[in-house]
Amino acid sequence: MLAGLARDVVLLLGSDVEHESERRNQIVDPDDPLAALEADVADIAEAIAAEENPAPVPPLDSAIQRLLPDMSEDPHEAGVLRELTENSVAAAKIENLVTFYQGLEALPPGNDVIFVPNENAAAWMAALNDIRLVVAARLNITDDDSSAAVYARAGMFTGSHSRNADDLPVIETTDDMLAVLYTMTTWWQDSLVTAVRNKAARR
């Protein structure tokens, strides 16, 4: 489910995980000049396409607004900064999300224990944060009160309110599912941050 969310956020940012995964899997042999040339041409083509695209404008989708917020309160300055940085910021987020996606997809079926390699921990934390931002936007979470309401709603379906597991209601609406996903993503993110901090403290 989280892998699917990562895929959706990558789409929001203008790419797709299959394309990004394929790019990662293209290993260029340093002794093969033709392969190196093809890789260079592909990079140049993408750079030209990016330059030919219209200057970025503030997104209308509230989820993208949270992923790629304005960097200044001044509209003109915000527009300039967006034009300079939006593509690179989005690319970095996509990299993190694809790392997260591939890590989850590599898990064997039914696996309930996840080990995150040290070199991927930062990417996983960033990806979880971006997924959480998107889900929060879909639930219109804007302050502590609306966040608390979502947690309370999710608790009805997860048993966190000491309800007998056999009596838990069935998730029937999109908002109910999003509330559970928001709570689950928050727990994952907090757990990973705690694990990284504990590991650093033991060094």
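The ranking of Val98, Val180 by Cβ neighbour count inside 10 Å, starting from the fewest, reads Val180, Val98.
How high is the FRET efficiency between Trp187 and Ala152 when r is their beta carbon distance and R₀ equals 22 Å, given to the nearest 0.05? Approximately 0.90, to the nearest 0.05.
Between Asp144 and Ala91, full extension at 0.36 nm per residue minus the direct alpha carbon distance yields a gain of 16.0 nm.
Sorting His19, His76 by the number of Cβ atoms found within 10 Å of their own Cβ, with the fewest placed first, yields His76, His19. Against the empirical 2.2 N^0.38 Å (N residues), the stretch 98-172 has a Cα radius of gyration ratio of 1.40. Of the peptides 87-95, 191-199, the order by per-residue mean of other Cβ atoms within 10 Å, starting with the highest, comes out as 87-95, 191-199. As a proxy for reagent exposure, Glu119, Glu18 were ordered by neighbouring Cβ count within 10 angstrom, fewest first; the result is Glu119, Glu18. For a modelled paramagnetic label at Asn118, 7 Å from Cα along Cα-to-Cβ, the residues of the stretch 169-203 in reach, with backbone nitrogen under 19 Å, are 192-203.
Rule-based calculations on the coordinates, nothing more; no lab input. Because the structure is a prediction, the values reported are computed rather than measured. Don't worry about glycine lacking a Cβ; one is built from the backbone with ideal geometry, like all the others, and counts go over all protein chains shown.
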